[in-house]
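Read the structure below first, then the notes.
Rule-based calculations on the coordinates, nothing more; no lab input. What you see is a predicted model; the values in this text were computed from it and never measured. Every residue, glycine as well, gets a Cβ built from its backbone with ideal geometry; the counts of neighbours run over all protein chains shown.
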Amino acid sequence: MKSRIIITAFLLVALSSLFLPLLAHEDQPRNIISVEKNLRLEKKLRTLALELDLLFEWEGRIYILADDDDLRTLDRLNIRYVNESYKFPALNPDQLRAQGGLNGAYHSYQELAADLGILQLSYPRLARLFKIGTTLENRKILALKISDNVSLDEDEPEVLFLGCHHAREWISVEVPLLLARYLLENYAADARIRRIVNQSEVWVVPLVNPDGLEYTIHYYRYWRKNRRLNADGTYGADINRNYGYAWGYDSTGSSPEPASEIYRGSAPFSEPETQAVRDLVLGKHFQAMITYHSFSQDILYPWGYTEIPTDKNQLLDDIAANMSRLMQPVNGRVYKYGEAGALLYLTNGDATDWTFGTSGIPSYTFELPPVDQLQGGFFNAEQDIGPIFNENLPAALYLIEWSIQNFGPGAGQPQERNKRAVFPYKTKAPEKQARFQDK
Ligand code: 0X9
Ligand code: CA
Ligand code: ZN
């Protein structure tokens with residue numbers, strides 16, 4: 001219930017530029033408080049059935065999101081708490097933005113859903129939001145389609161951009177989201193972008209793993225997998241080991257052990273996240289795809305499951321070389337490129353082996369900066385989002401243009417086109433949308 005109010009507040013503020021007159025008194029007063037973590041208190045809170053939103057634990061205290069009513073209830077019950085709101089300035093309604101709170105400039109699931117909704121509202125003829133799946137914790141996996149005549153499935157090359165298979169790789173949400181925003185915001189003024197958007201259908205799924213991402217924000221920043229409760233009581237399957245091409249090929253590239261960080265899941269496509277991507281791909285005929293990860297600053301192409309090159313190695317390498325060359329002048333950073341299994345390490349069941357293996361399309365894993373753990377590993381600074389996007393933009397535009405140029409009879413997937421429906425994700429009035437997006 002509380003989360004509904006929070007989401008509404010986020011959305012109302014996020015949408016305020018569009019619906020200013022409606023918003024005058026909608027701000028929700030919110031506090032972050034902390035209480036001592038002890039069993040007696042936890043039990044007391046639970047038996048009182050207080051609907052408190054637990055945020056995280058830190059140094060023996062539990063941090064909780066509470067509104068003024070909650071505070072009065074706690075006072076009445078003589079439960080001691082410390083108001084910590086001053087440590088979280090983004091909670092001040094005056095400063096509240098769609099991007100704020102515990103994850104700084106990075107997007108949470110709700111913030112992303114709100115921003116994608118805003119893009120669709122702002123560019124109704126060019127952007128359309130789809131729900132392509134539902135996670136184990138009942139979050140929506142969202143895809144934004146960008147094209148002219150966006151409500152029609154036109155005979156244009158389709159290109160796919162995926163983000164955040166791995167929960168802790170926060171930067172991998174931002175790059176595809178910013179790509180979507182860039183295409184839309186520059187459509188009117190930039191002839192090259194207009195040509196690209198008119199002649200292709202770009203699909204962006206910035207957050208393949210919403211459950212995992214939320215877990216990294218609220219509980220454990222280093223979490224990688226989804227939040228599957230496995231048969232042995234451990235959590236998580238590695239979504240990037242669960243795709244159906246050469247799934248479980250060996251136990252170097254993926255693990256049969258549920259507790260492992262690279263657990264491949266109980267069967268190919270056993271996870272709702274890979275099912276969502278699979279069903280989207282089977283319902284389209286993509287000409288190329290990029291899946292963003294971090295970190296190590298390189299561009300990887302199939303195979304991942306073996307060091308033996310594919311029969312299109314030259315093409316895959318040429319495209320990667322061109323992308324890397326276009327990226328370098330932006331900030332001076334060099335992205336290495338090569339076959340994934342040879343350059344990085346062996347994996348099986350990853351996204352690119354499946355898209356390439358089943359349809360032969362150029363498929364790339366981008367490992368975003370930094371180059372190594374010493375430069376920050378998974379923890380990119382907020383100020384890095386802009387520069388990392390800027391250098392990735394020319395590569396993404398190049399791959400879309402390559403797809404346009406190489407699109408024609410016979411291009412794309414050899415497989416039967418699967419007409420399976422993808423349901424449009426309607427954006428209604430802001431309050432309705434908030435309810436719709438609540439989990
Ligand atoms: O291991 C992965 O899934 C990717 N690296 S990450 O550090 N982001 O987890 C790499 C996938 C690319 N495939 C291969 N290297 N084989
Ligand atoms: Ca179109
Ligand atoms: Zn990754």
- Note on the structure: Taking the dipole of the range 109-432 about the Cα centre (Lys, Arg +1; Asp, Glu -1; charges at Cβ), the one of I319, Q373, W354 that reaches farthest to the positive side is W354
- Task: Can you figure out the FRET efficiency of Y219 with A189, using R₀ = 45 Å and their beta-carbon distance, to the nearest 0.05?
- Result: 0.60
- L344 and S270 label points (each 7 Å along its Cα→Cβ direction) are spaced in nm at 2.3 nm
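By how many nm would the segment from L102 to A321 grow when fully extended, if each residue of separation counts as 0.36 nm and the alpha-carbon distance is taken off?
Length gained between L102 and A321: 75.1 nm.
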- Separation in nanometres of the label points that stand 7 Å from Cα toward Cβ, at L136 and F379: 2.7 nm
- Item | Share, in percent, of DSSP beta bridges within the range 109-432 that are antiparallel, nearest 5 | 40 percent
- Task: Sticking with the crude label model, points 7 Å out along Cα→Cβ, report the distance from K44 to Y398 in nm, one decimal please.
- Result: 6.2 nm
- Query: Rounded, prolate or oblate: which fits the range 109-432 when a ≥ b ≥ c are the square roots of the eigenvalues of the alpha-carbon gyration tensor, with rounded for a/c under 1.5 and prolate only if a/b beats b/c?
  - Reply: rounded
- Message: Cβ neighbours within 10 Å, averaged per peptide: list 131-143, 109-121 in order, most packed at the top.
- Response: 109-121, 131-143
- Query: What is the order of V82, V202, fewest Cβ neighbours within 10 Å to most?
  - Reply: V82, V202
- Item | Set K131/K336; K145/K284; K43/K140 screened for pairs whose C-alpha atoms are more than 23 Å apart | K131/K336; K43/K140
